[in-house]
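Have a look at the structure below before the remarks.
The values are calculated or read from the model by the stated rules, or taken from the named source; none is laboratory data. Here the structure is a predicted model, which is why all the values come from computation and not from measurement. Positions of Cβ are generated from backbone atoms using ideal geometry, with glycine treated the same way; all protein chains shown enter the neighbour counts.
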Amino acid sequence: MISEENVWVSGQPIAHGTVMARFRIRGLAEGLLRVDRNAELKLATGPLDAPRTTYEDMIARVRGIADTAAALIDHHS
Amino acid sequence: MSHGNDAMSDVYAKLAWAEKHLEDITSLGGEYLLPGDDDDRPLGIEFDNSRPPLVVAKFLAEKPLPTEISLHAGDLVHNARAALDHVLARLKDHFGGDSRRGTYPITESDADWKGRIYPRRDCGRQPGPLDGLPCSVRMAIYREQPHVAYAGRRQEDPIAILSAMDNTDKHRLLHHGFVYPAAQRGVDLIHVRNRKR
């Protein structure tokens, strides 16, 4: 390995064909580089440029509002 | 179960159904989100070594994300948003107001709150979504508004995002699904077998 250059960083757009990194190597490339099979990929939906949250947080936020409403009813009963 | 929890049972059922959609998304995603460079893995990295000594690592996503993921996401969002409307209806059942009218408000500012809760048209007061509820309950709902609960960063409130996604899904388009690496840098996705070679 002569050098490695990172290109993509988290938060940048990513699509089929996006260059992630460049390497300069001595000799044959075969077998030298592999995808890290433990690398985690995440899934998202919605507009790319919109504020982000998780579905878990959405559901938890609504559940919190429901819990507050239930407590109001309990307090009034 | 408390009286309040009992009253909110359909709300919790809606949220449980939203969680079921999330499980389906996770399951579908689990089959798709397998990084690798073999034929059995749709996502991965292609190593272009056609210009030695340079090797360019490119992200591959040859198969489109299953449409079902976007459909489940739309249903999840809609169920969670509808659960909020059920919260309002159950509060009206208990405290007063017409439970068949009005949706749970999600407002951006005090002016927006005032305009939606106390709507006026042609110099006259129009029916509002919280009519019939006592002041204490209105205040409890006010305190949950994004501009109050997330003061200074209301756009980050999950219910603000939920509301925007629900409106978009209902009226305009299916949300596109997309994948992204959890890694901070592209090189973090790549294993170099022998750096000294």
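Worth pointing out:
- Some residue of the range B:178-187 being crowded, with 18+ Cβ neighbours inside 10 Å and either modelled with pLDDT of 95 or more or over 26 Å from the mean Cα position of the chain (by Cα) (or both): yes
- Which numbered condition residue A:77 misses (of (1) surrounded by fewer than 17 Cβ atoms within 10 Å (Cβ to Cβ); (2) under 22 Å from residue B:79 (Cα atoms)): (2)
- Residue B:42 meets all of the listed conditions (1) at the interface with chain A (Cβ under 7 Å from one of its Cβ atoms); (2) within 21 Å of residue A:19 (Cβ to Cβ); (3) buried (at least 18 other Cβ atoms within 10 Å of the Cβ); (4) at pLDDT below 85 but one, namely (1).
- Within the range B:129-168, the set of residues being under 28 Å from residue B:71 (Cα atoms), over 11 Å from the mean Cα position of the chain (by Cα) and touching a residue at least 40 places away in the same chain (Cβ under 8 Å) comprises B:145, B:146, B:154.
- Search result, residues across the range A:1-32 that are touching a residue at least 24 places away in the same chain (Cβ under 8 Å) and surrounded by 10 or more Cβ atoms within 10 Å (Cβ to Cβ): A:1, A:13, A:25, A:26, A:32
- Cβ pairs under 6 Å, 6+ apart, first in the range B:21-39 and within 8 Å of another protein chain (Cβ to nearest Cβ), second modelled with pLDDT of 80 or more and assigned to a helix (DSSP H, G or I): B:22/A:55; B:22/B:76; B:25/B:69; B:25/B:72
- Within the range B:1-20, restricting attention to residues that are part of a helix (DSSP H, G or I) and more than 9 Å from chain A (Cβ to nearest Cβ), the residue that is farthest from residue A:44 (Cα to Cα) is B:9.
- Strands (runs of 3 or more DSSP E) enclosed by chain A - at least 2 residues per element that are of a type in the set (S, T, N, Q) and more than 7 Å from chain B (Cβ to nearest Cβ): none
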